[in-house]
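Reading through the structure tokens given below for one structure.
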Amino acid sequence: MPEYIDELKKKLFPKRVVCIPNAVSQFKQKAFLEQKTIVNIARVSRVKRQHLLIEAFALLKDKYPDWKVEIWGDTSCDPVYTKELKQLVMDHKLCMQVSFCGVTNDVEEKLEQASIFILPSKREGFGLALAEAMSKGVPAIGCKSCPAVNSLIKDQYSGLLCEDTPTDLADKIEQLIKSQKLRQYYGNNAKRQMNEYSADVIWDRWDQLISSIVKE
């Protein structure tokens, strides 16, 4: 993403850095955003900060007992952190509302069943799962301090950006829980926004870059 250009120029490539993002699947069927399900899709690791999601949802669990959180991703990457998260779920009495679902090979199906996507990462290179959620029309919440996330999500247009605290994340989650209309608004904008990451657009940028290098 563009925010890494200066960093790369300083450390590795002082002469020339070109930003071309990943291509993102363009899902035809938009999520309905009616099920009371919050989804996180990422490997379970400290850099992804799933603990922020659990701690935030703990502040809302009594007010919205019919909502649930599904955490999809490999739990073997950081077994110590995974154990800490499961203990956190038990401590907050969230066992009936928060699930560690493991790896999935059908991301679109999981997004189809979601009404909110949350990626509380500390750092992302691009955030492909986030982009796919947005392409599916699922409103997303991420941390405003997180590179790549804070440029994919346009705050209050295609999703919400929050501070790195459970309290502020809980506030943003509640805004979306309370209003399906708001979820639809952000989701529709997110889906349109992801058109700029379609395969045709991205491959064309690669073609232009390679052609320019050949000419030089």
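The values are calculated or read from the model by the stated rules, or taken from the named source; none is laboratory data. If you're wondering where the values come from, they're calculated on a predicted model, not measured in any experiment. With ideal geometry, Cβ positions are generated from the backbone for all residues, glycine too; neighbour counts draw on all protein chains shown. The accessibility values were calculated without ligands, DNA or RNA, using every heavy atom of the protein model including side chains. Shrake-Rupley method; radii C 1.70, N 1.55, O 1.52, S 1.80 Å.
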* **Taking the stretch 126-216 and dividing mean pair separation by its residue count, relative contact order in percent (alpha carbons under 8 Å, at least six apart)** => 31 percent
* To do: Scan around C143 for amide H atoms under 5 Å from its own, H built in the peptide plane at 1.01 Å from N, and keep only partners 5 or more places away or cross-chain.
  => S121, C162
* **Partnerless Cys - the chain, beta-carbon criterion under 4.7 Å** => C19, C77, C95, C101, C162
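Please pull out the direction-averaged projected area of the stretch 38-99, using the convex hull of its alpha-carbon atoms, in nm² to one decimal place. Show your work: numbers first, answer last.
On the way: hull surface 14.4 nm².
Averaged projected hull area, Cα only: 3.6 nm².
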* Of C143, C19, which has the most accessible area and how do the rest follow, probe 1.4 Å? -> C19, C143
* the stretch 1-114: proportion of alpha-carbon pairs further apart than 21 angstrom, % -> 52 percent
* Residue-level accessible surface for H51, protein heavy atoms, 1.4 Å, Å² -> 50 Å²
* To do: Divide by every residue of the chain the summed helix terms, -39500 (n - 2.57) for each DSSP H run of at least 4, and state the resulting mean residue ellipticity at 222 nm, rounded to the nearest 500 deg cm²/dmol.
  => -12500 deg cm²/dmol
* Structure fact -> Checked against the structure, the computed percent of Cα pairs over 20 Å apart among (1) 59; (2) 63; (3) 56 is the one labelled (1)
* Can you tell which of A131, A31, A23 shows the greatest fluctuation in a Gaussian network model of the chain with Cα springs below 10 Å? -> A23
* Please calculate the 1.4 Å probe accessible area of K154, with all protein chains present, and give it to the nearest 10 Å². => 90 Å²
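Accessible area per residue for the chain in Å², computed with a 1.4 Å probe and the full protein assembly in place, what is it? The partial results should precede the final answer.
Working: 11080 Å² over 216 residues.
Accessible surface, normalised per residue, equals 51 Å².
Which shape class, rounded, prolate or oblate, goes with the stretch 84-168 when its Cα gyration tensor gives a ≥ b ≥ c as root eigenvalues, a/c under 1.5 marks rounded, and past that a/b bigger than b/c marks prolate?
Details: a/c = 1.84, a/b = 1.24, b/c = 1.48.
Verdict is oblate for the stretch 84-168.
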* Structure fact -> In the stretch 12-118 the accessible area split gives carbon plus sulfur, as whole percent at 1.4 Å, a share of 53 percent
* **Exposure of V103 as accessible area (Å², to 10), given a probe of 1.4 Å and all protein chains** => 100 Å²
* Asked: Given a cut-off of under 8 Å on Cα pairs at least six residues apart, what relative contact order in percent is computed for the chain?
  -> 25 percent
* Structure fact -> In order over the stretch 151-163: 3J(HN,Hα) from phi, Karplus 6.51/-1.76/1.60, θ = phi - 60°, whole Hz, x for each Gly or Pro, gives 9, 6, 8, 8, 4, 6, 10, 10, x, 10, 10, 10, 6
* Check cross-link reach from K83 to the lysines: straight Cα distance under 16 Å, and skip same-chain residues fewer than eight apart. => K48, K93
* In terms of Cα to Cα distance under 16 Å, which lysines are near enough to K191, apart from those fewer than 8 places away along the same chain? -> K28, K30, K136, K154, K181
* Can you list residues whose amide H is under 5 Å from V39's amide H, if they're 5+ apart or on another chain and H is modeled 1.01 Å from N? -> E70, S115, I116, F117, I118
